[in-house]
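Q: There's a structure below that I have some questions on.
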């Protein structure tokens, strides 16, 4: 099936790499007019070659800049929120600054985009909001993911609150809760862990071993889920979490 997002306008955050990039490309391939954003303007190489209509350098922590984009675009059909950061450590390793940064980027960024873009979506008669959460925090705990898990649990709560408040006005809001996904972000964590456990190969094996399927997920697999939630195929679904995790939560 193709053209599942024909005629839709989609605004995406964290489109420079990983799940964000794969989703922006997948949306474009399915016919959406995609406005891709990322804090790093150098990260947009080849996105337009993949069919993305526009690339915007944007900090998901900048409310004024987000508001300006919402006003400029005048309404979208799909809002995809993927900006996030993985803090490593327990409560004893988490400073107030770490806590504030993680919640600002992982949760408040979604509050900012939803608050900015929701009026335009309502004016268009509805739309789909898709937020990236995680199995960690939303479904189970993982070692040394104290503040990360807290933020991702908050994303689920935020999404359900938006869903219930606008359920009769054409707005749908759902979460994707991935397991361990092969992304540049994961590569950085593997590199850091490798210094502690005797090499990156051993560190990567540790991440793979916790996946019952025996492999990591891919960003493209998460993008397939995002396309479904953005499309009219899921129009009877709101306030839910989809858990593509390779059995991590079983």
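The values are calculated or read from the model by the stated rules, or taken from the named source; none is laboratory data. These numbers come from a predicted model, not from an experiment. Cβ sites come from the backbone with ideal geometry, for glycine too, and all protein chains shown count toward neighbours.
Q: Listed residues 193, 216; which is in contact with a helix residue (DSSP H, G or I) (Cβ under 8 Å, 6 or more places away or on another chain), modelled with pLDDT under 85 and within 19 Å of residue 143 (Cα to Cα)?
A: None of the other options fit; the residue is 193.
Residues checked against (1) buried (at least 19 other Cβ atoms within 10 Å of the Cβ); (2) modelled with pLDDT of 95 or more:
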site	(1), (2)
160	no, yes
171	yes, yes
209	no, no
235	no, yes
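Q: Having 3 or more residues that are over 16 Å from residue 128 (Cβ atoms) is the bar; report the strands (runs of 3 or more DSSP E) wholly within segment 21-101 that clear it. Working first, answer last.
A: Values: elements: 33-38, 54-57, 78-81.
Per the criteria, 33-38, 54-57.
Q: Consider residue 96 against the criteria (1) farther than 23 Å from residue 185 by Cβ; (2) touching a residue at least 12 places away in the same chain (Cβ under 8 Å); (3) surrounded by fewer than 16 Cβ atoms within 10 Å (Cβ to Cβ): it satisfies all of them except one. Which criterion is unmet?
A: Only one criterion in (1) farther than 23 Å from residue 185 by Cβ; (2) touching a residue at least 12 places away in the same chain (Cβ under 8 Å); (3) surrounded by fewer than 16 Cβ atoms within 10 Å (Cβ to Cβ) is unmet by residue 96, namely (2).
Q: Kindly provide the set of residues from segment 30-56 that are under 17 Å from the mean Cα position of the chain (by Cα) and either more than 26 Å from residue 4 (Cβ to Cβ) or surrounded by fewer than 16 Cβ atoms within 10 Å (Cβ to Cβ) (or both), ordered by number.
A: Scanning segment 30-56 gives 39, 40.
Q: Next question, about the same structure. Please work out if residue 174 is free of Cβ contacts under 8 Å to residues at least 12 places away in the same chain and either assigned to a helix (DSSP H, G or I) or at negative phi (or both).
A: Working: free of Cβ contacts under 8 Å to residues at least 12 places away in the same chain: no; either assigned to a helix (DSSP H, G or I) or at negative phi (or both): yes.
No: the conditions fail for residue 174.
Q: Only residues in segment 59-75 that are at pLDDT below 95 count as the first member; pair them with residues that are assigned to a helix (DSSP H, G or I) and buried (at least 16 other Cβ atoms within 10 Å of the Cβ), Cβ under 9 angstrom, at least 6 apart or cross-chain, and list the lot.
A: Within 9 Å, the pairs are 74/120; 75/117; 75/120; 75/121.
Q: Does segment 211-239 hold any residues that are in a loop (DSSP other than H, G, I, E, B), under 22 Å from the mean Cα position of the chain (by Cα) and more than 19 Å from residue 77 (Cβ to Cβ), and which are they?
A: Here is the first cut: in segment 211-239, the ones in a loop (DSSP other than H, G, I, E, B) are 211-216, 231, 235-239.
Now restrict to residues that are under 22 Å from the mean Cα position of the chain (by Cα): 211, 215-216, 231, 235-239.
Within segment 211-239, 211, 215, 216 meet the criteria.
Q: Within the group 74, 20, which residue is buried (at least 21 other Cβ atoms within 10 Å of the Cβ) and in contact with a helix residue (DSSP H, G or I) (Cβ under 9 Å, 6 or more places away or on another chain)? Show your work before the answer.
A: Values: 74 fails: buried (at least 21 other Cβ atoms within 10 Å of the Cβ).
The match here is 20.
Q: Would you confirm whether or not segment 102-123 contains a residue that is within 15 Å of residue 242 (Cα to Cα), outside any strand (DSSP E or B), free of Cβ contacts under 8 Å to residues at least 40 places away in the same chain and out of contact with any strand residue (DSSP E or B) (no Cβ under 9 Å at 6 or more places or on another chain)?
A: No, that holds for no residue.
Q: Hey, another quick one. I'd like the full set of residues that are in a strand (DSSP E or B) and farther than 30 Å from residue 74 by Cβ, limited to segment 126-171.
A: Our first condition is that a residue be in a strand (DSSP E or B); within segment 126-171, this holds for 127-132, 140, 145, 171.
If the condition is that a residue be in a strand (DSSP E or B) and farther than 30 Å from residue 74 by Cβ, then 140, 145 are the ones that fit.
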